[in-house]
1. So what is log10(I(q)/I(0)) for the range 1-47 at q = 0.16 1/Å, when the Debye sum runs over its Cα atoms only?
2. What whole-number volume per residue, in cubic angstrom, does the convex hull of the C-alpha atoms of the chain give?
3. Between the range 42-58 and the range 77-104, what is the C-alpha centre distance in whole Å?
4. Note down the relative contact order for the range 1-104 as a percent, whole number, built from C-alpha pairs under 8 angstrom at least six residues apart.
5. Nearest 5 percent is fine: what portion of the DSSP beta bridges confined to the chain is antiparallel?
6. Under a Cβ-only charge scheme (Lys and Arg +1, Asp and Glu -1), can you give me the dipole magnitude of the chain about the Cα centre, in debye to the nearest 20?
7. Mind checking the range 10-103 for chymotrypsin sites (Phe, Trp or Tyr not before Pro) that DSSP puts in a loop (not H, G, I, E or B) and that have at most 16 other Cβ atoms within 10 Å?
8. What share of the DSSP beta bridges in the range 63-137 is antiparallel, in percent to the nearest 5?
Amino acid sequence: MQVAIQGGDTVIGLPDLSAVDRLGAAIAGRLTAGDAVLLRGDLGAGKTTLARAILTALGHQGETPSPTFTLLQSYDLTLPIAHLDLYRLKRPEEIEELGLDDALSEGAALIEWPEQADGYLPSDALTVALSSDPRSAALSGGGRWPELIAGIVKDAA
Ligand SMILES: Nc1ncnc2c1ncn2[C@@H]1O[C@H](COP(=O)(O)OP(=O)(O)O)[C@@H](O)[C@H]1O
Ligand SMILES: [Mg+2]
């Protein structure tokens, strides 16, 4: 697996779905209550695919409906997970009505289109910026994430 440092971000190639599964497992293994994972990237970049890989690694089985219209989908796993897709959020402050704070007090949140809630999301989040050409993920973060990212890409490689 190719890993590179680009402008402070750690970039890992994701040539196929098994690479996404490995990255998802590596992130899942480090999540604790209060963590937010911001999944950035254009339509088709692989945000939902990575969110599903994280859920699967945490033991979820069965459907993983994309929260395109519900905006938030909860999963009652060992670590409770909220999966959010903010594409249809009308105003950033609407995030406060979705129950994200409650979700983060119990578990972790995987958030697609975080730019839609700019200024309303935790600054100590892990950010995963996905690209489809070539398929890759750029990892960066606040809080304790900088020291965890090296281990994530090592596990995922
Ligand atoms: N690393 C990858 N390699 C190959 N196909 C991928 C990869 N990541 C995602 N895909 C595929 O790309 C398509 C779009 O992915 P999706 O996760 O729905 O994108 P997004 O949520 O960013 O819009 C899906 O068919 C998915 O299976
Ligand atoms: Mg999606």
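Computed from the coordinates by the stated procedures, all read-outs in this text should not be read as laboratory data. Keep in mind the model is a prediction, meaning the values are calculated, not measured. Virtual Cβ from ideal backbone geometry, glycine too; neighbours counted across all protein chains shown.
1. -0.56
2. Residue-normalised Cα hull volume stands at 104 Å³.
3. What the calculation gives is 16 Å, centre to centre.
4. Rounded, it is 20 percent for the range 1-104.
5. Details: 19 of 32 bridges.
Of the beta bridges lying entirely in the chain, close to 60 percent run antiparallel.
6. Charge dipole of the chain: 500 debye, to the nearest 20.
7. On the way: sites: PHE69, TYR75, TYR87; in loops: PHE69, TYR87.
Qualifying residues, ordered by number: PHE69, TYR87.
8. Values: 7 of 12 bridges.
Percent antiparallel among DSSP bridges in the range 63-137 is about 60.
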